[in-house]
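Down below is the structure, laid out as structure tokens.
Since every read-out is calculated from the coordinates, none of them should be taken as a lab result. As the structure is a computational prediction, the values presented were derived from the model and not from experiment. Don't worry about glycine lacking a Cβ; one is built from the backbone with ideal geometry, like all the others, and counts go over all protein chains shown.
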Amino acid sequence: MLCLSREEFENAALALGFKPAVLRQWKHRKKVPSEAKWRMTIFFDAPFEIIDEPKPQPKGSLTLAAQFARFIK
């Protein structure tokens, strides 16, 4: 399951053609319609959940960006 920040979710929804006014309605209602969830699941090719704050990383673990940087060098 993917954990998306609110910003990542909104960017993906805008890329799928949802309008900013619709996103404000979802935020006000605190619910995303099931059809929109289905379209987003197809877009991400995996189920997802929206998190408001990133999960804290355990000490010593690398972030995703740090892991990529290790292999790019």
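The residues packed around Phe18, meaning those with a beta-carbon under 15 Å from its beta-carbon, carry a net charge of +4 if Lys and Arg are +1 and Asp and Glu are -1. Label positions at Ala69 and Phe43, each projected 7 Å from the Cα along the C-beta direction, are separated by 2.9 nm.
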